[in-house]
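Notes follow once the structure below has been shown.
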Amino acid sequence: MAMLDEPLYPIAILIDELKNEDLQLRLNSIRRLSTIARALGEERTRKELIPFLSENNDDDDEVLLAMAEELGVFIPYVGGVEYAHVLLPPLETLCSVEETCVRDKAVESLCRIGSQMKESDIVDWFVPLVKRLAAGEWFTARVSSCGLFHIAYPSSPDMLKAELRSIYGQLCQDDMPMVRRSAASNLGKFASTVEQSHLKTDVMSMFEDLTQDDQDSVRLLAVEGCAALGKLLEPQECVSHILPVIINFSQDKSWRVRYMVANQLYELSEAVGPETTRSDLVPAYVRLLRDNEAEVRIAAAGKVTKFCQILGPALAIQHILPCVKELSSDSSQHVRSALASVIMGMAPVLGKDATIEQLLPIFLSLLKDEFPDVRLNIISKLDQVNQVIGIDLLSQSLLPAIVELAEDRHWRVRLAIIEYIPLLASQLGVRFFDDKLGALCMQWLEDKVFSIRDAAANNLKRLAEEFGPEWAMQHIVPQVLDKMNNPHYLYRMTFLHAIALLSPVMGSDITYQRLLPVVINASKDRVPNIKFNVAKVLQSLLPIVDSSVVEKTIRPCLVELSEDPDVDVRYFAHQAIQSCDQLMISG
């Protein structure tokens, strides 16, 4: 008898766990559904597990969300694609719940299942489900239905297709704004499955309804549909149907709609082609760049470079550059920051002369901006300008500003400059670097902020790699070693860290002759933090120096540290001694 009852065991446990008061237990049992389905077998999963899940009226959104997610990958457990329709009822129920994320996940799972179903099953099972949801009394079902049309439509016969188009048209005019929003956001997906002949009639009339909606939240979703529809239509159709809507939207009374247009305008310009962009979209774009809402200007400013690439140098200088000059002194720091993040990309488009005459003054004003993010965005893209105007001009015009920023009161700006130094160094060359920036690199090692000191030590290593050990031996190593006598232990720790980073680049001889004695000397420091860092540095030097050096110099020092009164010093010394022993065994 026990053998017969055994297959019932998983479903009995599941029922118990799903009725348990403990949310975590209910969640865990839902996440184990696939294991339970495997234990039950395909037929019992279809006949017992899925009906049970359809009736499961758990009121916790987390459990429902997990169930919607699990059911999306359940086709193999119910017997494959021919039985996929069995999974639709529980997901249909989830499409009507109040919580948005549960509905969205249920729609996503239905789309995944529907895309694998056979055409005949879609007509028999999936399309009726879509129609039931679309006619649902509660708005949540109608909202969910909008996301399923693009799966149901392609497999339907002509009569059903006409009905589905008609139903979608009704959803676009639904009384509830939430339903119209869902119809607007899914219109692009649905339109991509509709035949060209109906696209120009039915779909475009739905689109026009949505663009004239009295709710700005619906109109701004219709803007997103503009780009999707524009790509489906022929360019001339796009110009006649989509372009007037966009130009209209760019003057919409709601700033959110204008913001959406600013975000989508570049994608639209790709759909209508360069000619129409130059004649019709440029005035709209210039309007958005001068919009009275900062958010709209931010979105428009972020697209400046892309737009200039379409327009070419002459039109960019004529139409866009005056706006860029205005934006560089905009009252909103976020607008200036958005502009600074893309303006460098304009240099290759405008060419050398225009960059020198028109853009360099703007770069300089942004480099001196009081808001650190603006300065940061300019610094990080300097290489784009260098390619256009050459290093001599760059160094004359922008380098004084960079040197000024190296001492900026905001540490993140100083950090950005440090991270940019190796790139600058490779572009400027050794001679120029030594003249202008060498002193700064040493100065940062004694910064008040740890992140700056740490970045400065890494910077020295990268410079040594760039210019070679001989240069580093002349310009970096002596200065670092001199600074080991600094009275403040935090700075001494930074110099130790710098020595550890430089050693692999400098090679065995210089490490042994110049760097190791300084580290050994630091082991007699009075501050425990220095001493345990000495142990860590010595451990990092083991692979670099010869084994004789390890035995004669490093090990005795570590043994001495391992008897230190401080527990941390002893710990790190023992760690390093173990590494010594392993090195000797493997050597």
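Some observations on this one:
- At the residue level, Asp482 shows approximately 110 square angstrom of accessible surface with a 1.4 angstrom probe and all protein chains present.
- Rounded if a/c under 1.5, otherwise prolate or oblate - the stretch 181-281, Cα gyration tensor axes: oblate
- Percentage, to the nearest whole number, of Cα pairs in the stretch 530-581 over 14 Å apart: 40 percent
- Accessible area (Å², 1.4 Å probe, nearest 10) - Arg258: 20 Å²
- For the stretch 471-493, the residues whose amide N sits under 19 Å from a probe point set 7 Å from the Cα of Asp568 along the beta carbon direction are 487-493.
- Principal-axis analysis of the Cα atoms of the chain puts helix 235-249 at an angle of about 80° to the longest axis.
- Only aspartates and glutamates eight or more places from Lys306 in sequence, or on another chain, were considered; those with a Cα closer than 15 Å are Glu267, Glu270.
- For the stretch 320-365, the square roots a ≥ b ≥ c of the C-alpha gyration tensor eigenvalues yield an a/c of 1.5 or more together with a/b exceeding b/c, which makes the shape prolate.
- For the stretch 510-587, the relative contact order works out to 32 percent when only alpha carbon pairs closer than 8 Å and six or more residues apart are counted.
- Entry note, the stretch 242-295: relative contact order of 37 percent, from Cα contacts under 8 Å with a spacing of 6+ residues.
- Ile356 sits with roughly 60 Å² accessible to a 1.4 Å probe, with DNA, RNA and ligands left out of the calculation.
- Here Ser365 and Ser205 are evaluated by their C-beta separation; at R0 = 41 Å the FRET efficiency comes out at 0.25.
- All Cα pairs of the stretch 94-179, percent lying beyond 16 Å: 48 percent
- Per-residue extension of 0.36 nm, minus the Cα-Cα distance of Gln474 and Gln24, leaves a gain of 155.6 nm for this segment.
- Label point at Asp546 placed 7 Å out along Cα→Cβ; residues across the stretch 498-533 whose backbone nitrogen lies under 11 Å: 509
- Given R0 = 60 Å, the distance between the Cβ atoms of Glu357 and Asp509 translates into a calculated FRET efficiency of 0.70.
- Computed extension length for Asp216-Ser586: 126.0 nm, one decimal, from 0.36 nm per residue of separation with the Cα-Cα distance subtracted.
- Mean Cα-pair separation over length for the chain, i.e. relative contact order, pairs under 8 Å, 6 or more apart, %: 5 percent
- Value of D in µm² per second that Stokes-Einstein yields for the chain, Kirkwood Rh from Cα pairs, at 10 °C (1.306 mPa s): 53 µm²/s
- Degrees separating the helix 567-586 axis from the principal Cα axis of the chain, which is the longest one: 90 degrees
- FRET efficiency estimate (nearest 0.05) - Cβ-Cβ, Lys253 to Asp175, R0 25 angstrom: 0.65
- Counting only protein chain heavy atoms and rolling a 1.4 Å probe, the accessible areas of His475, His574 rank, largest first, as His574, His475.
- Trypsin sites (Lys or Arg not before Pro) within the stretch 505-587, DSSP loop, no more than 14 other Cβ atoms inside 10 Å: Lys524, Arg526
- The order of Ser192, Ser155 by accessible area, most exposed first and with a 1.4 Å probe, is Ser192, Ser155.
- Flagged links, alpha-carbon separation over 32 Å, of Lys253/Lys381; Lys303/Lys368; Lys189/Lys303; Lys448/Lys524; Lys19/Lys47; Lys105/Lys231: Lys253/Lys381
- Under 15 Å, Cβ to Cβ, from Cys95 - net charge with Lys/Arg +1 and Asp/Glu -1: -2
- Partner lysines whose Cα lies under 19 Å from the Cα of Lys461, excluding those fewer than 8 positions away in the same chain, are identified as Lys436, Lys483, Lys536.
- Shape category assigned to the stretch 185-243 from the gyration tensor of Cα positions, a/c cut at 1.5: prolate
- For q = 0.14, 0.16, 0.25 Å⁻¹, Debye-computed log10 I/I(0) when each Cα of the stretch 299-346 counts as one equal scatterer: -0.29, -0.37, -0.87
- Angle between the chain longest axis and helix 411-428 axis [Cα atoms, degrees, rounded to 10]: 70 degrees
- Modelled spin-label separation between Ser197 and Glu465, with each label point placed 7 Å from Cα along the Cα-to-Cβ direction: 6.4 nm.
The values are calculated or read from the model by the stated rules, or taken from the named source; none is laboratory data. Keep in mind the model is a prediction, meaning the values are calculated, not measured. We place every Cβ from the backbone using ideal geometry, glycine too, and count neighbours over all the protein chains shown. In case anyone asks, the SASA skips ligands and DNA or RNA and just uses the protein heavy atoms, side chains included. Shrake-Rupley method; radii C 1.70, N 1.55, O 1.52, S 1.80 Å.
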